[in-house]
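Trainee: Here you go, one structure.
The values are calculated or read from the model by the stated rules, or taken from the named source; none is laboratory data. Bear in mind the structure is a predicted one, so any value in this text is a computation, not a measurement. Positions of Cβ are backbone-derived with ideal geometry, glycine not excepted, and every protein chain shown enters the neighbour counts. The protein model used for the area step is the full one, side chains on, heavy atoms only, and it has no ligands, DNA or RNA in it. Shrake-Rupley method; radii C 1.70, N 1.55, O 1.52, S 1.80 Å.
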Amino acid sequence: MNRRRLRISAVIACYRDAPAVPFMYERLRAVFTKLDVDYEIIFVNDASPDDAREVLAELAGRDSKVVVINHTRNFGSQSAFTSGMRVATGDAVVLLDGDLQDPPELIEAFFARWREGFEVVYGIRIKRDATLFLQAAYKVFYRTFRAASYVPVPLDAGDFSLLDRRVVDALNAMPEMNRFLRGLRAWVGFRQTGVPYVRPERMFGHTTNSLLRNLGWARKAIFSFSFLPLDIIAVLALLVVLASFAGILVEIAIRILRPDLVPSGFTTLIVIVLFIGGIQLTCLSIIGSYLAHIYEEVKRRPPYIVDSVINLPERRAPATPVATREADGDH
């Protein structure tokens, strides 16, 4: 019995990437043709302010394998990827940024590892186009996040990855609105491996990331996948109690041995009050961040709203799982 061809879905998050769309399309089509697989290319237009909507509509009009999802406003890349994954029909789904910094040609290496039985294959950025400060900051973040997280998160791995159908279904079943896919990808488990690559500079325009935006990403990641900030509160409280107890013992000893050296006046009192007050405000901000995260989740708002879809694909029966295909090949 002839088995149908494997299908790969590419999901591309687009924001200010209209000039790169034709190049992304041609390069993806060339890769899928070389791999001899069926495919669909899903562009998610996250309310891009350029002419991406028109460019994508024209492309979808020429090729029925191109699916276009238009959002009502900019919901962010994580929501864009989620939107694309929920309509993808492939046996595996590849996530890429629309700026071509995720080279489509690397999908060949992803595909080979997937065929070996790995259900998650992600790209590891061994080098990237950024200032020395940002490169160092990214390194520090990934290592801090890995140390703080309660799941083992790969170092220097972004969203660029190939996900088996089972992984995509598991991610799609998760109801949370604040989605950090790199963490969720690690949380679901399955067999995972990385493929190193050099991340090139943008082909068009400038990055939409900034220092504040990256700090927001770091905050979202840590408060989604770590309880370490709450542990820090407990440690700070313990240290303040121990310091207060030690201070009391020192003052008693000084009053007995050298009464003339006992601190007096408002300066010492003000410094101590400000120090403890600073610690209290820090602890409140940590608790407030967790509460804000919970508040966003309990409102149960959707992570995105779709304005329109062009060439919506039809669901189809999944292919034979990767592990079974490999096993069948051994008999």
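Trainee: Checking the structure you have, find out if any residue of region 70-79 is over 19 Å from Ile305 (Cβ atoms), open to solvent by 10 Å² or more (accessible area, probe 1.4 Å) and either at pLDDT below 90 or outside any strand (DSSP E or B) (or both). Explain how you work it out, then say what you get.
Mentor: Residues of region 70-79 over 19 Å from Ile305 (Cβ atoms): none.
No, region 70-79 contains no residue that is over 19 Å from Ile305 (Cβ atoms), open to solvent by 10 Å² or more (accessible area, probe 1.4 Å) and either at pLDDT below 90 or outside any strand (DSSP E or B) (or both).
Trainee: Can you tell me which residue is least open to solvent (accessible area, probe 1.4 Å) among those in region 139-189 that are of a type in the set (S, T, N, Q) and out of contact with any His (no Cβ under 7 Å at 6 or more places or on another chain)?
Mentor: Restricting to residues being of a type in the set (S, T, N, Q) and out of contact with any His (no Cβ under 7 Å at 6 or more places or on another chain), the top hit is Ser161.
Trainee: Next question. Looking only at region 24-51, count every residue that is touching a Lys or Arg at 6+ places or on another chain (Cβ under 8 Å), β-branched (Val, Ile, Thr) and not in a loop (DSSP other than H, G, I, E, B) and tell me the total.
Mentor: Number of matching residues: 1.
Trainee: Within region 52-64, track down each residue that is in a loop (DSSP other than H, G, I, E, B) and either of a type in the set (A, V, I, L, M, F, W, C) or in contact (Cβ under 8 Å) with a residue 40 or more places away in the chain (or both). Let's see the steps before the verdict.
Mentor: The first filter runs over region 52-64 and keeps only residues in a loop (DSSP other than H, G, I, E, B), leaving 63-64.
If the condition is that a residue be in a loop (DSSP other than H, G, I, E, B) and either of a type in the set (A, V, I, L, M, F, W, C) or in contact (Cβ under 8 Å) with a residue 40 or more places away in the chain (or both), then Ser64 is the only one that fits.
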